Amino acid sequence: MDQNNQSYDTAFSAPHRRNADYYRSRARETMKKNLGIIILASFLSFLLVGGISSVISSITSSITTVLETISFSFVLPLVAVSGVLSTVLSLAVGGPALVGYEKFRLDAIDGKPLKLDTLLYGFRTCFGKSVLAQLIYTLISLAAALPTLLPAAFIYHTLGASFFRAFIAAMSDPEAAYIPEIAEQTLPLLALGLLLLFLGLIATLILQVILSYRYAFVKTILAEFPETSVTDAFRNSASMMRGKKAKLFCLDLSFIGWYLLAALLGCCTCGLGSAVATLFLSPYTEHAHTAFYDDAANRSAAREAIFPSLNPDDYSVD
């Protein structure tokens, strides 16, 4: 694909400015031009990606509260069905919706006219690929969580299912419920399990962070090049982010002051200030990520290149 026909703001072309401040500046310049529609698109994307699953979780929680008063045996199957349904919806709706929002942000950073129906771009052009990409990333994240899941399963097996059923019942009614005592011979195994769980949590956190930055732009690549295979989208993102993960991490870290301010506003205004701040902060961070992709992918380079490319050198700015 020839990338030389696209126009970009030359005010941001100086290589020495390509740090966290540079990407935030590009995001601010983009938002100034179309603030209203950008905020609305961010909110609609949030509803598409997480809103449906949140509604299902809320309904399940309400039904669970009622069923707990009738019979505990109904609760676990309901929670399982809810989890499966939420997962399916997050794949079938969340994947294409994320691709559409990535396309919207690419149009914004490129200075193209913005339309809200771009959020449905993933449903129209690469529905199957976006769902598959979401599924693969979910499975990768699940594999990264094994260091935590395995010790948790060990603790569950050590204490027994009856202990956890009694513990859940005690959480809902502390006075009426009774938690069985832990056998003395079980304490060493429980201590070992807790130690492994602590170490597993640390390992999982490190793996999740690495993977999230390694595959940060899988859906962005699908949004820009829907003809790309899902496998190549993952490989291209990994190639693009080779040597750049720390840089993107520093970009995310540069927003910590804004997040602390949003949390403070939320505490002072009963959550209202936090909600308002989030409406501006989320698009700000998201468009900064798109600016990072625009630079990392070397989209504005005045040279012939086949992109996406599996060659990391194609993502190096001369």
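Find out how many positive minus negative residues lie around K219, taking Lys and Arg as positive, Asp and Glu as negative, among other residues whose Cβ is under 13 Å from that of K219.
On the way: positive: K103, R105, K129; negative: E102, E224, E286.
Around K219, the surrounding residues sum to 0.
With 18 Å as the limit, write out which pairs from K32/K112; K33/K244; K129/K219 have Cα-Cα distances beyond it, or answer none.
From the list (K32/K112; K33/K244; K129/K219), the Cα-Cα distance tops 18 Å for K33/K244.
Listing Y293, Y284 from the residue with the fewest other Cβ atoms within 10 Å to the one with the most, what is the order?
Numbers: Y293 25, Y284 21.
Least to most surrounded, the residues fall as Y284, Y293.
Within 10 Å of each candidate Cβ there may be at most 15 other Cβ atoms; applying that plus a DSSP loop requirement, which GluC sites (Glu not before Pro) in region 172-264 survive?
E175, E181, E227
Each value in this text was obtained by applying a stated rule to the coordinates, not by laboratory testing. In this text the structure is predicted, and so the values were computed from the model without any measurement. When we count neighbours, we look across all protein chains shown, and the Cβ atoms used for this are built from the backbone with ideal geometry, even at glycine.
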